[in-house]
Amino acid sequence: MFHTSSLPGLKTLLMIGISSTSLLAAGSASLASDFIDTARMKRHAAGGPPPIPSPATLLIANPAFQFRHDAQLPMTLGVEGSVAKSNKTLKIMGGYDGQGNVKSTGFQAKAMMPGVVVLLGARYDDAGDYNDANGDKVNFGYKRDTEQVVVNWMPKAGTSLKLVGVRDVIKDDLQPHHGMDVDYTERLVGKAIFNQKLEGDIAKGFGLQFVSKTISRTPDNYKNRTPGPAKMRADTDRQIFDGKAHLNMALAGWASKLTVNGGWDNHDARRYNDTQNSINAIKLPDITRTSFGLGLDGKRGFGSGVTVEAGARYDYMHADPAAANKTGTAFGGGAPLWNASPAALYQTYYGTTGNLESTEHNLSTRLRVTKAMMEKRFAIFGDLSRKVRSPDNIERYHAVTHPQAQNRWIGNPDLNPEAHHKAEIGFTWKGAHYKGYGKLAPVADSIFDADNMEFKLTGYVDKVQDFVAMDRAADQAVIHRNVDATFAGVNFDARWNMTQNWSVAANAAYLWGENDTDKRALYQIAPLEGNLAIDYRDMLGTIGTWNVGAKLRMVAKQTRTDGVDGVGLDMDRAKSTDFATLDLYAGAQIGNRFSLKGGVKNVFNADYQEHLTGSHIAAPTRSGINAPGRTFFLRSQMAF
């Protein structure tokens with residue numbers, strides 16, 4: 001038998017390779033999730049800048065495009081993945097995506113030495129107008145550059161320190177679904193993660209994580225479009241510091257984790273009339289949020305394939321809008337309404353007076369039981385949880401005023417935390433020969449053998465107490481209020497490696513949402529959707545591999561919307577029709593060093609609008625926008 005000790009220094013080289021892989025996984029701008037992860041809970045239909053790609057996806061991530069969605073079943077990488085995931089020193093990418101006339105280029109460079117890996121990466125995207133299925137131009141575009149540096153230091157086995165730095169800038173982000181474009185967005189992220197394994201009877205390891213985020217965003221209505229009577233601009237600045245510590249333990253047979261975290265978040269925004277050179281809204285009144293969390297969870301096997309996971313978490317949150325009494329500086333017609341302070345607006349719409357600070361104590365719990373059978377290939381599970389989310393800064397303190405009430409958007413300082421009570425059941429099947437999509441064990445010889453397949457089916461019901469809903473006041477201003485709500489969903493996902501060359505993937509998802517208090521549908525609920533993909537891979541002589549594939553996406557008409565005859569939010573403004581799109585693609589790679597991938601999206605030039613649209617901006621008013629018609633894409637990577 002061959003041992004790593006047979007060659008001097010091989011253990012060190014293997015450690016470098018392992019640390020390089022983990023470096024990619026840890027390079028994103030977010031912390032690893034917990035069993036009860038309340039920090040990741042977001043408000044319904046939240047908007048904002050697109051996510052920052054991780055180092056693992058920097059060169060292969062799709063452009064930031066919000067008028068066509070492929071999240072349920074993304075197009076497979078095909079053989080391009082062999083180059084994208086190769087352990088090479090330098091990788092270079094260039095590509096074009098006709099969905100938004102996006103030209104992309106990027107690189108990643110890696111330096112290794114004993115115990116240390118350094119990864120540098122950058123990407124640039126330049127998007128422009130596109131044509132819909134009718135040949136009409138849609139005014140769209142942005143310029144984005146992202147730079148990343150990651151350092152992974154492993155001085156010895158069981159000890160690691162990862163340092164991550166990210167700069168992400170988006171310029172001239174045109175938003176045809178809204179009245180303002182986002183002229184400039186900058187995000188600076190710094191992260192340090194330390195992990196140490198321990199050999200104690202109880203303590204098995206601990207970790208420390210620190211994150212700093214600086215965010216600046218400037219939308220306006222005149223730099224990238226024909227100005228109206230008044231040139232409006234909003235400046236948003238946000239600084240976030242998060243810290244987290246965890247201790248892994250063995251307690252009475254339970255693999256347990258104790259987590260402590262804390263955070264500080266300052267969020268300030270002003271809207272300006274640049275025609276007057278005045279402030280006409282204290283949009284977010286210098287809000288400071290401090291938070292503290294304490295969680296304990298554990299996992300234990302009980303024999304006969306039964307595994308139990310359980311946990312509880314406490315979250316404290318305090319928010320203080322320091323500039324709530326500040327007023328604008330507008331003059332001329334309507335000045336008193338333009339200059340209304342946030343405190344005055346809260347009193348007008350909610351009757352709120354006095355102290356506007358908010359303090360909350362939230363308790364969350366979760367229990368998950370899994371039963372594995374048939375040599376762990378088949379498993380069924382049940383999951384019960386109560387997860388509590390405090391309202392965010394926009395829901396609680398947003399204060400955009402206007403002489404016309406329908407253009408106001410006012411947060412609610414009196415909101416209660418949102419408590420989700422979720423019950424989920426499901427099953428999974430993973431055949432003995434299934435090693436991943438497009439990867440089949442050599443012993444598989446029958447295309448109908450269940451061991452060639454993977455299935456997942458889940459269903460859930462989520463009863464939400466004090467759901468924070470956007471709504472319209474009697475004067476049609478956008479407000480936030482607590483209601484009771486119900487979400488329910490079913491998700492099915494299947495992967496089938498029919499032969500060593502042919503693979504098929506399918507999924508279907510249905511979501512239902514109801515405002516129980518008002519007896520009407522919730523806004524921005526995704527319609528029924530199904531996807532089917534088929535892929536073929538083969539050898540390219542002795543020098544590489546090639547693939548071809550097709551993906552069919554089918555979306556039903558969404559008949560449950562919120563906003564009819566002046567009742568409801570009226571965010572669901574897309575042209576609601578059922579539609580189907582077909583994508584064709586192919587690729588080839590040589591020696592894990594060069595890849596070329598291309599294809600056609602929306603082959604039959606389907607004319608449609610996504611029901612969920614405008615996700616890159618937080619505004620409650622969004623117009624439906626036609627998706628691109630038939631487009632072409634091409635991407636190439638080289639690794640050295």
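Would you check if residue 87 is modelled with pLDDT of 95 or more, of a type in the set (S, T, N, Q) and touching a strand residue (DSSP E or B) at 6+ places or on another chain (Cβ under 9 Å)?
No; evaluated as a whole, the condition is false for this residue.
What are the pairs with Cβ atoms under 7 angstrom where one residue, in region 336-351, is closer than 10 Å to residue 281 by Cβ and the other, located anywhere, is in a helix (DSSP H, G or I) and aromatic (Phe, Trp, Tyr)? Sequence gap at least six, or different chains.
Short answer, once both residue conditions are applied: 342/397.
For region 502-512, state whether one or more residues are assigned to a loop (DSSP other than H, G, I, E, B) and at pLDDT 95 or above.
no
Okay, residues lined up against (1) under 27 Å from residue 398 (Cα atoms); (2) part of a loop (DSSP other than H, G, I, E, B); (3) in contact with a helix residue (DSSP H, G or I) (Cβ under 9 Å, 6 or more places away or on another chain); (4) at pLDDT 95 or above:
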{"residue": "416", "(1), (2), (3), (4)": "yes, yes, no, yes"}
{"residue": "423", "(1), (2), (3), (4)": "no, no, no, yes"}
{"residue": "427", "(1), (2), (3), (4)": "no, no, no, yes"}
{"residue": "437", "(1), (2), (3), (4)": "no, yes, no, no"}
{"residue": "442", "(1), (2), (3), (4)": "no, yes, no, no"}
{"residue": "459", "(1), (2), (3), (4)": "no, no, no, yes"}
{"residue": "463", "(1), (2), (3), (4)": "yes, no, no, yes"}
{"residue": "469", "(1), (2), (3), (4)": "yes, no, no, yes"}
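Which condition number in (1) without any contact (Cβ under 8 Å) to a residue 12 or more places away in the chain; (2) of a type in the set (A, V, I, L, M); (3) in contact with a Ser or Thr (Cβ under 8 Å, 6 or more places away or on another chain) is the one that residue 490 fails?
(1)
Considering only region 585-623, state which residues are of a type in the set (Ser, Thr, Tyr) and part of a loop (DSSP other than H, G, I, E, B).
608, 613, 615, 621, 623 - these are the residues of region 585-623 that are of a type in the set (Ser, Thr, Tyr) and part of a loop (DSSP other than H, G, I, E, B).
Looking at region 360-371, can you tell me whether even one residue there is outside any strand (DSSP E or B), modelled with pLDDT of 95 or more and closer than 20 Å to residue 284 by Cβ?
Checked against the condition, which is being outside any strand (DSSP E or B), modelled with pLDDT of 95 or more and closer than 20 Å to residue 284 by Cβ, region 360-371 yields no hits at all.
Go through (1) in contact with a Lys or Arg (Cβ under 8 Å, 6 or more places away or on another chain); (2) outside any strand (DSSP E or B); (3) buried (at least 21 other Cβ atoms within 10 Å of the Cβ) one by one and return the number of the condition residue 324 breaks.
Going through the list (1) in contact with a Lys or Arg (Cβ under 8 Å, 6 or more places away or on another chain); (2) outside any strand (DSSP E or B); (3) buried (at least 21 other Cβ atoms within 10 Å of the Cβ), residue 324 breaks only (1).
Yes or no: residue 386 in contact (Cβ under 8 Å) with a residue 60 or more places away in the chain and charged (D, E, K, R)?
no
What strands (runs of 3 or more DSSP E) lie completely within region 43-136 and have 1 or more residues being in contact with an Asp or Glu (Cβ under 7 Å, 6 or more places away or on another chain), within 30 Å of residue 418 (Cβ to Cβ) and free of Cβ contacts under 8 Å to residues at least 12 places away in the same chain?
The strands (runs of 3 or more DSSP E) meeting that bar number zero.
Looking at 382, 328, 311, which one is touching a strand residue (DSSP E or B) at 6+ places or on another chain (Cβ under 7 Å), small (Gly, Ala, Ser), modelled with pLDDT of 95 or more and within 21 Å of residue 262 (Cα to Cα)?
Exactly one of 382, 328, 311 is touching a strand residue (DSSP E or B) at 6+ places or on another chain (Cβ under 7 Å), small (Gly, Ala, Ser), modelled with pLDDT of 95 or more and within 21 Å of residue 262 (Cα to Cα), namely 311.
The values are calculated or read from the model by the stated rules, or taken from the named source; none is laboratory data. Quantities reported herein were computed from a predicted structural model and do not represent experimental measurements. Every residue, glycine among them, receives a Cβ derived from its backbone with ideal geometry; neighbour counts consider all protein chains shown.
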